[in-house]
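Structure record follows, encoded as structure tokens.
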Amino acid sequence: MDTALKPNNYKEETSRGCRRFLSFSRRLFLSVILLFLVFAGSFIAYQYQREKEYKIELLDTKLQDCNERLFLELKYAPDSLKQAFLNDCSLQYADEELRVTIISLKGKVLYDSQKERVTENHLGRPEVQGALKQGHDYDVRRLSETTGISYFYSATRYDDFLIRSALPYNVTLVNNLAADPHYIWFTMAVTLLLIFVFYKYTSKLGTAVNHLREFAKRADKNEPIDMEIQAGLPHNELGEISQHIIQIYRRLRETKEALYIEREKLITHLQTSREGLGVFTKEKKEILVNNLFTQYSNLISDSNLQTTEEIFSISEFQKLTDFINKALARPMNGNGSGEKRMSITINKNGRIFIVECIIFQDLSFEISINDISQEEEQIRLKRQLTQNIAHELKTPVCSIQGYLETIVNNDHISHEKMMAFLERCYAQSNRLSRLLRDISVLTRMDEAANMIDMEKVDVSVLVGNIVNEVSLELEERRITVVNSLKPKIQLRGNYSLLYSIFRNLMDNAIAYAGTHIRINISCFREDENFYYFSFADTGVGVAPEHLNRLFERFYRVDKGRSRKLGGTGLGLAIVKNAVLIHGGTISAKNNQGGGLEFVFTLAKDRQDL
């Protein structure tokens, strides 16, 4: 196999070596000059052959003319003088070397000026055969069987006989038949001149090509073009074309830089937008999506999405997907006809979303998801916050006041009952202390979020520690924790707040999800900026009408049960604020198999957001 490929590899390496050591201008010069030399050589050979043929035809014409004059003399001479005329014809019509032969049509020699008697039949001679067929013919060089000398023959046929003239093929005749060499020297001089001119031209062309090659290399590396490249271009049409190409490149580079700046602005706006935005190609491939789009998509979907493109398989998006498929199957024409926009409303997990799709001219499209219930919730939360705080603070204060008033006003209260009342006062004071502490934490997060210290935190280790801390409570309630977090999920954040996120979610599941359940903790997705977490249980879940309010301060699904268990109603509100401080978002939804799931994101590096 190696032996078979070796010749081809050798040829390829040789070709690369030639291109490496010979520039484009030299290769062009050698290629054209080689073709020109082949043409010049062919022209010289052709012209040389034509010159020889011309000399031969000229000599043949001369001998034919001699044959014609001899025929006329014989035709008009008296019969009594014909023989005497023939005896002197060689002296009268040519020099001493001219040989004249008269041959009958059957090949018999009637007369030969170089031989008194010739017995051989000349019918088989080439010039005789040609003359009998064509009227006249010649033979350039043939050895005479009669005299033993080589001659140039020229024969002419007449009515009753043939007249053949011949000249010895000696040095003089060879020189006369040789081609004139002057045109060869002239052709060579012109060839050398053209080679010199073409060399100068290809050198200039090579310089321009080298500058263009340097320009192409720098353009490919996105480097700026200096004035040296432009100055080296020739002042001709190629130089003008090169100048135009460089100017076009500069304009494209400036446009690209401007577009890059605008793209960064768009990305920044997209990431900080208060609506979920996603841009897709006509093949439904993700171009750009923001974190809120992913968050809303996972909230609408019944299962966590591994990729953004999976939204097109969500049943709630079916109308939108059909609209997109129809638009892609029947593209909009140049007049802009065809539907470009569609909006649907989705009510899922206690939230109302408006999903809008816009088809662009190139058949790419944008999908926006707006949570229209969020602003109303915030207004309602602010309105109820003051009265909720007052109500929550009033309950433990009233209890403490009632127990103490009973002790103070009753002198005969037993020691056991008084201690029971004091223990209840102590429990209510602890509840009041936790309530004030949680309110303080929320206030600090609201007012001084940017002043919270950040450090490198390993979330995997943090969650593992929390699971160990609550192991006894988990065992009491027969709860199994499945921690699917991979090792070393690290981000930059505040350790205490990150601890409060997972600890509050864990405490919430232990307190309210029920017994004999399973808690699943996972990081189901990761991109350049965010980790995507899921905290789910298989417990009793929450009614859909409560899902949208779980993160409200002091909101309780079952108020009596929550107070009995000692909850402050601020745990999930703290979770939400801590997630927001770490650049993420959080939402809650019911699992199909039962139970409650919290889906939230945490930024990898909060200081860049």
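Looking at the stretch 140-162, is at least one residue among the basic types (Lys, Arg) and either exposed (fewer than 15 other Cβ atoms within 10 Å of the Cβ) or without any contact (Cβ under 8 Å) to a residue 24 or more places away in the chain (or both)? Yes, because at least one residue in the stretch 140-162 is among the basic types (Lys, Arg) and either exposed (fewer than 15 other Cβ atoms within 10 Å of the Cβ) or without any contact (Cβ under 8 Å) to a residue 24 or more places away in the chain (or both). The C-beta contact set for the stretch 51-73 (first residue in a helix (DSSP H, G or I), second residue loosely packed, with under 13 Cβ neighbours inside 10 Å and of a type in the set (Asp, Glu), distance under 7 angstrom, 6+ apart or interchain) comprises GLU51/ASP180.
Is it true that GLU339 is in contact with a helix residue (DSSP H, G or I) (Cβ under 8 Å, 6 or more places away or on another chain), modelled with pLDDT under 85, exposed (fewer than 13 other Cβ atoms within 10 Å of the Cβ) and farther than 19 Å from GLU309 by Cα? Yes. Condition check for GLY107 on (1) closer than 30 Å to GLN47 by Cα; (2) at pLDDT 75 or above; (3) surrounded by 14 or more Cβ atoms within 10 Å (Cβ to Cβ): one failure, at (1). As for the stretch 502-509, it holds no residue that is polar (S, T, N, Q) and not in a helix (DSSP H, G or I).
Taking the condition in contact with a helix residue (DSSP H, G or I) (Cβ under 7 Å, 6 or more places away or on another chain), modelled with pLDDT of 75 or more and surrounded by 12 or more Cβ atoms within 10 Å (Cβ to Cβ), does GLU275 pass? Criteria met by GLU275.
Each residue in the stretch 292-328 was checked for being under 23 Å from ILE521 (Cα atoms) and outside any helix (DSSP H, G or I), and 7 of them qualify.
A Cβ distance below 7 Å, combined with a sequence gap of six or more or placement on separate chains, defines the contacts here; from the stretch 164-183, residues that are closer than 13 Å to VAL140 by Cα reach residues that are surrounded by fewer than 19 Cβ atoms within 10 Å (Cβ to Cβ) and β-branched (Val, Ile, Thr) in the pairs PRO168/ILE149; LEU177/ILE56. Checking each residue of the stretch 9-31 against the condition of being hydrophobic (A, V, I, L, M, F, W, C), assigned to a helix (DSSP H, G or I), modelled with pLDDT of 80 or more and surrounded by 10 or more Cβ atoms within 10 Å (Cβ to Cβ) gives at least one match.
When only residues in the stretch 101-147 that are of a type in the set (A, V, I, L, M, F, W, C) and part of a strand (DSSP E or B) count, which is nearest to PHE71 (Cα to Cα)? Going through the qualifying residues, I end up with ILE102.
The values are calculated or read from the model by the stated rules, or taken from the named source; none is laboratory data. Since the model is a prediction, treat every value here as computed from it, not as a measurement. Every residue, glycine among them, receives a Cβ derived from its backbone with ideal geometry; neighbour counts consider all protein chains shown.
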